[in-house]
Every structure is written in C-alpha cells, then in structure tokens.
Amino acid sequence: MDIAAISMNLSQMKVAQQASISVMKMAMDTVEVQAVDLTQMLEVNTKMMEQSITPHLGKTIDIRL
C-alpha cells in the first residue's frame, strides 16, 4: 500500500464531498426562497379573490354610541 496515494485519494474524496454539500446547500436555499415566494403569492391571490367575490365587505364600519 502506498501511503501517499491513499492520502491523496482521501483528500480528493473530502473535496468532492464538500463540493456536494455546498451544491446541496445552494439547492436548499433556492427551494426555501421559492417556497416563501409561493406562500406570499398565494396570500395575495387569496386576498384578491376575497375582494372580487365580496367587494363591498370590509370597506366601512358602522359605529353608533
């Protein structure tokens, strides 16, 4: 067994693993941003749908003392 070759192989494997982890973290961050954007878009669309169905509700408040 060549100690130097084993050491080089282990080092290359470590670099490859770190690169894989970095790519996975970037993908997870991208998915998280997309999920937040989707949630915000759904909230806006829900509000728009509610207003288009009952546009007269929520615009005025009658208060009598």
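The values are calculated or read from the model by the stated rules, or taken from the named source; none is laboratory data. Quantities reported herein were computed from a predicted structural model and do not represent experimental measurements.
Observations on the model:
- Tallying residues that are at pLDDT 80 or above and basic (K, R) within the range 38-65 yields 2.
- Enumeration of residues in the range 13-45 that are of a type outside the set (G, A, S) and under 11 Å from the mean Cα position of the chain (by Cα): M26, M28, D29, T30, V31, E32, V33, Q34, V36, D37, L38, T39
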